[in-house]
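Structure first, then comments.
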Amino acid sequence: MKNLIDILDLTVEEIDQMITVANDIIDHPENYREACKYKTLATLFFEPSTRTRLSFEAAMLELGGRVIGFSEASSSSAAKGESVADTIAVVSGYADIIAMRHPKEGAPIVALSKATVPIINAGDGGHNHPTQTLTDLITIKREKGHFDNLTVGLCGDLKFGRTVHSLIAAMSRYAGIKFVLISPEELKVPSYVKNAYIKAKGIPYEQTTALENVIDKLDVLYMTRVQRERFFNEEDYLRLKDCYVLTPEKMAMAKKDLIVLHPLPRVNEISVAVDSDPRACYFRQARYGKFIRMALIMKLLEEANK
Ligand code: CP
């Protein structure tokens, strides 16, 4: 049975196929209206979400399937002390596929130990967020047309930003990639990510604290929010929260064909004045997330039925 715990659980070829399917869904949604008829998705969200949970639920409903689940740990029996493993053992009997978000890194691995249906990691703490990466990849493919030979800038909270870790792992598999890592000293990419996906593969990269010094060389700018919920003290968060704000003035220094991505939610790190710039892709990106999740649900259910 295939699961999606880490973006590297999918090959480059599988991701390409899923993007092709998602693009076909965008063009011909009527062909997929009964693709998951009588199948049930459970969305188990132990941590807040707008996009990931609702796009998963919209995805399953648009495939003709059904959805059950909870949107906060406090409304589940986790509040009474039930373990993740027991929750998954039980919900495996109610659903054909499970999308789970949890604040603890590694919780989806625990889930696998008791699951009898496919598990999708919808974000685990500050670790990984593979379905956001699928969303990022379909956006890059649709907006730029290719993955190779791109200079990708990642800006903001690169330490706790799980979307950043998964995106670096995914992009490190394409030829001619360069990374520009833009963060305060305290929020640099963890060494385990840098060592495994950048240094080990000899991928060129630079690290800087100044977005304005590097924005002119980027093909993709991936902005991120400072992850307040992962800080140990509020004082550090308040000091760092507005370290980067993308403004029209900074956009004026960038390439004409730059694309700006953000996993959202946005706090202050992109001025709303940038939203009308055609290079601002983040709301289109959130929309594509539903279609790539439709492709993912279909793929994992197909593999489970083999
Ligand atoms: N990008 C993302 O994971 O958004 P949500 O937290 O709203 O799901």
- Query: Among Leu158, Leu218, which is the only one that is touching a Ser or Thr at 6+ places or on another chain (Cβ under 6 Å), among the hydrophobic types (A, V, I, L, M, F, W, C), touching a residue at least 24 places away in the same chain (Cβ under 8 Å) and under 18 Å from Leu258 (Cα atoms)?
  - Reply: Leu218
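Residue-by-condition table, conditions (1) assigned by TED's automatic domain parsing to the domain that holds Val21; (2) buried (at least 21 other Cβ atoms within 10 Å of the Cβ); (3) closer than 21 Å to Tyr288 by Cα:
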{"position": "Asp136", "(1), (2), (3)": "no, yes, yes"}
{"position": "Ile140", "(1), (2), (3)": "no, yes, yes"}
{"position": "His146", "(1), (2), (3)": "no, no, yes"}
{"position": "Asn149", "(1), (2), (3)": "no, no, no"}
{"position": "Phe160", "(1), (2), (3)": "no, yes, no"}
- Note on the structure: Note on segment 164-203: residues under 20 Å from Val220 (Cα atoms), polar (S, T, N, Q) and surrounded by fewer than 21 Cβ atoms within 10 Å (Cβ to Cβ) are Ser172
- Query: When you look at Lys114, is it over 29 Å from Val226 (Cβ atoms), outside any strand (DSSP E or B) and at pLDDT 95 or above, yes or no?
  - Reply: yes
- Item | Selection within segment 84-97 - among the hydroxyl-bearing types (Ser, Thr, Tyr) and either free of Cβ contacts under 8 Å to residues at least 24 places away in the same chain or loosely packed, with under 13 Cβ neighbours inside 10 Å (or both) | Tyr94
- Condition test on Glu34, is it acidic (Asp, Glu), outside any helix (DSSP H, G or I) and more than 19 Å from Lys290 (Cβ to Cβ)? no
- Since Lys217 meets every condition but one in (1) within 16 Å of the ligand (Cβ to nearest atom); (2) in contact with a strand residue (DSSP E or B) (Cβ under 7 Å, 6 or more places away or on another chain); (3) more than 17 Å from Ile7 (Cα to Cα), which condition does it not meet? (1)
- Query: What number of residues in segment 30-69 are within 15 Å of the ligand (Cβ to nearest atom) and in contact (Cβ under 8 Å) with a residue 40 or more places away in the chain?
  - Reply: 14
- Output the number of residues of segment 149-172 satisfying the condition of being more than 21 Å from Glu212 (Cβ to Cβ) and either among the charged types (D, E, K, R) or not in a helix (DSSP H, G or I) (or both). 5
- Item | Candidate set from segment 1-31 (those that are among the β-branched types (Val, Ile, Thr) and outside any helix (DSSP H, G or I)); member that is farthest from Arg293 (Cα to Cα) | Thr11
- Message: Suppose the filter is surrounded by 24 or more Cβ atoms within 10 Å (Cβ to Cβ), within 16 Å of the ligand (Cβ to nearest atom), within 18 Å of Glu303 (Cβ to Cβ) and in contact (Cβ under 8 Å) with a residue 24 or more places away in the chain; does Ala122 pass it?
- Response: no
- Does segment 204-226 hold any residues that are assigned to a loop (DSSP other than H, G, I, E, B), in contact with a Lys or Arg (Cβ under 8 Å, 6 or more places away or on another chain) and surrounded by 12 or more Cβ atoms within 10 Å (Cβ to Cβ), and which are they? Leu218, Asp219, Arg225, Val226
- Query: Out of curiosity, is Asp257 part of a helix (DSSP H, G or I) and either modelled with pLDDT under 95 or more than 30 Å from Ala35 (Cα to Cα) (or both)?
  - Reply: no
- Item | segment 227-244, subset in a loop (DSSP other than H, G, I, E, B) and loosely packed, with under 14 Cβ neighbours inside 10 Å, residue modelled with the highest pLDDT | Asn233
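The values are calculated or read from the model by the stated rules, or taken from the named source; none is laboratory data. Computed from a predicted structure; not experimentally measured. Every residue, glycine as well, gets a Cβ built from its backbone with ideal geometry; the counts of neighbours run over all protein chains shown.
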